[in-house]
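The values are calculated or read from the model by the stated rules, or taken from the named source; none is laboratory data. Since this is a predicted model, take the numbers as computed values, not measurements. Here Cβ is always computed from backbone atoms with ideal geometry, including for glycine, and neighbour counts include all displayed protein chains. Note: accessible area is taken over every heavy atom of the protein model, side chains too, but ligands, DNA and RNA are not part of it. Shrake-Rupley method; radii C 1.70, N 1.55, O 1.52, S 1.80 Å.
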Amino acid sequence: MGEIEGSFRVLQTPGTRLGAQFSPGISTLEPGQSPGSNLIGGNRNFAKSLQIRVHGLDDCQEFFDVDPKALGQTLLSEVFSRGNLTESDYFGLEFQNMQMNWVWLEPAKPIVKQVRRPANTMFRLAVKFFPPDPGQLQEEYTRYLFSMQMKRDLMEGRLICAENTGALLVSHLVQGRSEIGDYDDVADMNFLCMNKFLPYQEKVKERIMELHCRHQGQTPAESDFQILEIARKLEMYGIRFHPAADREDTKINLAVSHMGLHVFQGHTKINTFNWSKMRKLSFKRKRFLIKLHPEVHGPHQDTLEFLMASRDQCKIFWKICVEYHSFFRLFDQPQPKTKAILFTRGSSFRYRYLSLKLLLTVILFLRNISFRLPSLCCCVYLPNAQPKHCPTNGSPTSSPAVAHTEPVSDNSPEAASFPTSYSVVDSPQLSPFSSKGPLSPSLQMSNLSLSGQAPSPLQSPNLCEVGSTVRLEEEEEGRRKRYPTDKAYFIAKEILTTERTYLKDLEVITVWFRSAVIKENAMPEGLMTLLFSNIDPIYEFHRDFFKELDQRLALWEGRSNAHVKGDYQRIGDVMLRNMGAYLQKHDEVLTELEKATKRLKNLETVYKEFELQKVCYLPLNTFLLKPIQRLMHYKLILERLCKHYPPMHRDHDDCKEALKEVTDIATQLQSSLIRLENFQKLTELQRDLIGIENLTAPGRKFIREGCLYKLTKKGLQQRMFFLFSDMLLYTSKGVTATNQFKVHGQLPLHGMIVEESENEWSVPHCFTIYAAQRTIVVAASSKVEMGKWIEDLNFAIDMARKSQDKSSFFLDPGLGSSDEVSVEQESEDDINSSHTSLDKQAHHRANTTIHVCWHRNTSVSMSDHSLAVENQLSGYLLRKFKNSNGWQKLWVVFTNFCLFFYKTHQDDFPLASLPLLGYTVGMPEESDSIHKEYVFKLQFKSHVYFFRAESEYTFERWMEVIKSAASTTGRMSLLIPKGSPVEINGK
């Protein structure tokens, strides 16, 4: 029959442990028992009770006395009751049958009819049903058992993953579920020598210890959560192989999960059949049959056939499929057919009734995953019931195709030819949770929270509530009591959290973008060398720097080596040793990359496609500026530390010396940073604007972008304006797949005059722009916005007047030359394009300022962009919706006027984002009923969010950086000097 790939290892029975050969007829001996006493006791007690041994997930063994005629459910209930296992529906007992295959104990059948010699059989508790998100498990003990199942699967080679991922999982196991706890060099080495978790453990032992060191202070419950978060993302999570062959006799493995049936070749998944694509599962002798909807494979190819080793194995897999579908998809219990009087045909197997707790849990799962996995329509499988409609396509971006099933009656030929079968229909009572096609734009990542649109992306199921309010608050309270409260500690912690985000940003280039260009062979070798020879050393330097920061904060917090804690409540010495890593050839790298993308079509394609990936959550060239911008962050943080420390503090001198070094470097690079930020912004706009070439002309400076209403013959029309040092562009939003903006006209600044004209046109916040050949009338959304535009326009006009070479700035005079009247005549297409939605917009494009300004009717200046570079922040926050009760812990990154939300800091890309332009930030009001400290409130029209920081310092920092990006008054015009009260306080 051959070995089952990925099967459980064979556990030793007590008999084999004592040296006896395996035989169903040989009794087992427990320590302290003689053969005679065991035999007599066995005969005497058999009539009264049956003693069964169960091996737990925590490797302990227990004995249970049950009636010899007891059903499997009796033993299951005893095991769950003694273990105080509340969420028991996920678990089962498995044992090895005569063919040494692991099978599940059936609750509805007597134990003695399933197991030949129950007293000699080792049962073991195991996870039977693997939910898509084990983080939704309610009980901490259940999560613990699930993490132990992950440990067992790792040890037995089922949970196959990359070596680094395996090392990470083991590091969490060592932290949370061993006697070691926090990292200890000697104890770790001894423990890993005595306990084997991975087949290749020796190879990655050092990596396990390195990762374990990072988990200091992590509780066992937190370790369990991390293990499950990592495991659930693996392709082999919950997968159990069942060997088979296809019609061409190719060896494959079948597996079942909450989604449906999977086909593997080796350990590579080659196909998936969602439950919604199938209308019948059956087996006939050794043949396992899947009947699909006709629309899936056509009317003549609607049955898939797989050959398994035996009828028993075929039936075992069929039962598992029925149980999995029943557990995750079935709410009405199928009624068994009336038994035939003389004989029966096929299997009478029916899965057990679902408990009320399970019912509620499954509803929660379906509600949360129906958005993430539209293929998981809420169907049920009922024997021989009238079929209805089910979506067939599991892709989130596919059209909501509908497959129609055909009726299958009791008397049909099909029912007779497949006696052991399982049919598919819809469940009408589950319609509120059903998936109705692709994800709506409101639930896509990075969507805007606009009035009149769907709910905010922060309400996406990807960021659904995890854990109870009580548990979260208890954890936070415990954390506050355990950690230091000194302001210097929180300043140092800000360095660590922002450094973690900085490393992730570097990986966008060094890991992800490199992989993309190598895969397509899109970048010339010279440019590859220039780019990566400059940025790779920076990445390696900051990896070591982050490790040193992490270890210092661990000592400071007292998570380990508490006896030397007092010597490590400082950060200046670490900063002083690690100043000076920045991109040496940033000008050359940016310009050469831009030239190459214009010259090489393949590179341009890879570049644009990479920007659409979730991991590239900002415009790509923004990441190339991160090294030089990071130096500015160090300068600001060290300034805060030096201001906080008294001169006699032991950390003051190191911080002051480090500040001096970074200030010298920052001063040298300041002019380069301004020039590069301007170049980056121009190249970003070049990709977003249609109808203009060579936007990155030498000498051109970006000044302001934003939304204004332009007076036309059809009234006020929304337009996006872009002010540069030599011209003013105005555009409308296009209807292309990438939602680019179409240029309608350009006005040279030379000779331009700007005047307020509210009285003349009777339009609020209105002003007139007189250009050389054209006059236009525009209106801003507020008095403040109008003032900023007029100030910056006059400043730019003055700059253009002083410029020696004005002709080099002019664009093609033919652009928009047909429109030379004060009130512009616009085409119907242009007007319609003003009202397009975000439906076709690429994910990350919703976060760029050009699109946010368009939808929020606001503007952003280059001074705002420069300030945003300085005001970047990362860390954990508790988030609460206006009408929700619980708080959810999220990793939050603030950059580029936007909050990006992750479940944990280990995630590679954000699950949702919230652009802040137009939002107001402040303290909760009395009517909000928020009775917690360190809470701030974000609001834009009807969208309200509350965020809770861990300390007074972090609360003030989050308020400070968000104010700089959110409300209009918090941002600056070009003429407001940096450091003024307006900039800092937003007043």
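Odds and ends about this structure:
- The label-point distance for residue 544 and residue 162, in a model that sets each label 7 Å from Cα toward Cβ, rounds to 2.4 nm.
- Rg/Rg_globular for region 872-966, with Rg_globular taken as 2.2 N^0.38 Å and Rg from C-alpha atoms: 1.00
- From the largest down, region 82-204 spans 52, 34, 27 angstrom on the principal axes of its Cα atoms.
- In the full protein context, region 50-127 carries 43 Å² of accessible surface per residue, based on a 1.4 Å probe and ignoring ligands, DNA and RNA.
- Shape category assigned to region 134-232 from the gyration tensor of Cα positions, a/c cut at 1.5: oblate
- Protein-only accessible surface order, largest first, of 63, 197 at 1.4 Å: 63, 197
- Using alpha carbons only: equivalent-ellipsoid semi-axes of region 691-805, gyration tensor based, whole Å: 22, 20, 12
- For the pair region 119-189 / region 647-697, the C-alpha centres are spaced 45 Å from each other.
- Averaging 1/r across all pairs of distinct Cα atoms in region 174-333 and inverting the result yields a Kirkwood radius of 18.8 Å.
- Most tightly packed first, judged by the mean number of other beta-carbon atoms within 10 Å of their residues, the peptides 252-265, 641-654 read 252-265, 641-654.
- Accessible area ranking (1.4 Å probe, heavy atoms, ligands and nucleic acids excluded), largest first, for 928, 65: 65, 928.
- Here the extension length gained between residue 601 and residue 929 equals 112.4 nm, from 0.36 nm per residue of separation less the Cα-Cα distance.
- The fraction of accessible area contributed by carbon and sulfur in region 616-745 is 57 percent, rounded to a whole number (1.4 Å probe; ligands and nucleic acids excluded).
- Cα gyration tensor category, rounded, prolate or oblate, for region 488-687 with a/c compared to 1.5: prolate
- As a length-normalised measure over Cα pairs under 8 Å and 6 or more apart, the relative contact order of region 134-232 settles at 44 percent.
- Accessible area of residue 196 (1.4 Å probe, protein heavy atoms only, ligands and nucleic acids ignored): about 130 Å².
- Packing around the peptides 604-611, 753-760, taken as the average count of other Cβ atoms within 10 Å per residue, puts them in this order, highest first: 604-611, 753-760.
- Gyration tensor (alpha-carbon) shape descriptor, region 235-314, a/c threshold 1.5: oblate
- Accessible heavy-atom area order of 291, 710, 547, highest first, probe of 1.4 Å: 547, 291, 710
- Debye intensity ratio in log₁₀ form over the Cα atoms of region 50-127, taken at each q of 0.15, 0.17, 0.18, 0.23 Å⁻¹: -0.44, -0.58, -0.65, -1.13
- The gain in end-to-end length when the residue 906 to residue 270 segment is fully stretched comes to 226.1 nm, 0.36 nm per residue minus the alpha carbon separation.
- Rolled with a 1.4 Å probe across the full set of protein chains, the surface gives residue 599 an accessible area near 150 Å².
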